[in-house]
Amino acid sequence: MKIQPIAILTLAATFALPQIAGANLTITPQALGFVESTLDYCAKVDSESASKYAERKKAFVADATKEELDKARSASEYLEAYDTNTTNLEKTPKDQTVKSCKDFLEGK
């Protein structure tokens, strides 16, 4: 069964966003890699809305320190999740991915 990009975006938002609290990054490096790769890919394929994806990405980690983010982003789990998710998204038809990304921004 093929997972639709909107399912990926919804899962990322559902499971990852509530885990961020206070000044600590409580999301796993793997989940962070998954979410950030999705938002980065959306910015790439929907360039007219790139700033909106960047805002979401920034808001997603707003309470984390630079050190926490640097550590998470350099972890092998982050890098593997980021690369794997990007590769999977690249296999999805661009028009379908753009629609899913736009739907995500609209909260659909």
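Screening E68, E48, E55 for residues that are in contact (Cβ under 8 Å) with a residue 12 or more places away in the chain and part of a helix (DSSP H, G or I) leaves exactly one candidate, E68.
Tell me whether segment 56-73 contains one or more residues that are of a type in the set (D, E, K, R), over 11 Å from L32 (Cα atoms), surrounded by 13 or more Cβ atoms within 10 Å (Cβ to Cβ) and within 14 Å of the chain's Cα centre (by Cα). Reasoning before the result, please.
At the first step, the residues of segment 56-73 found to be of a type in the set (D, E, K, R) are 56-58, 63, 66-68, 70-71, 73.
Among the residues that remain, those that are also over 11 Å from L32 (Cα atoms) are: 56, 58, 63, 66-68, 70-71.
Filter once more, so that each one left must be surrounded by 13 or more Cβ atoms within 10 Å (Cβ to Cβ): 56, 63, 68, 71.
Now drop any that are not within 14 Å of the chain's Cα centre (by Cα), which leaves 56.
Yes, segment 56-73 has at least one match.
Of K57, K2, all but one fail to be touching a Leu at 6+ places or on another chain (Cβ under 8 Å) and either at pLDDT below 85 or charged (D, E, K, R) (or both); the exception is K57. Does A13 count as closer than 20 Å to D70 by Cα, surrounded by fewer than 17 Cβ atoms within 10 Å (Cβ to Cβ) and modelled with pLDDT under 60? So A13 does not fit the description; no. Picking from residues in segment 16-45 that are surrounded by fewer than 17 Cβ atoms within 10 Å (Cβ to Cβ) and assigned to a loop (DSSP other than H, G, I, E, B), the one that is modelled with the highest pLDDT is T28.
The values are calculated or read from the model by the stated rules, or taken from the named source; none is laboratory data. What you see is a predicted model; the values in this text were computed from it and never measured. Glycine also receives a Cβ, built like all others from the backbone with ideal geometry; neighbour counts cover every protein chain displayed.
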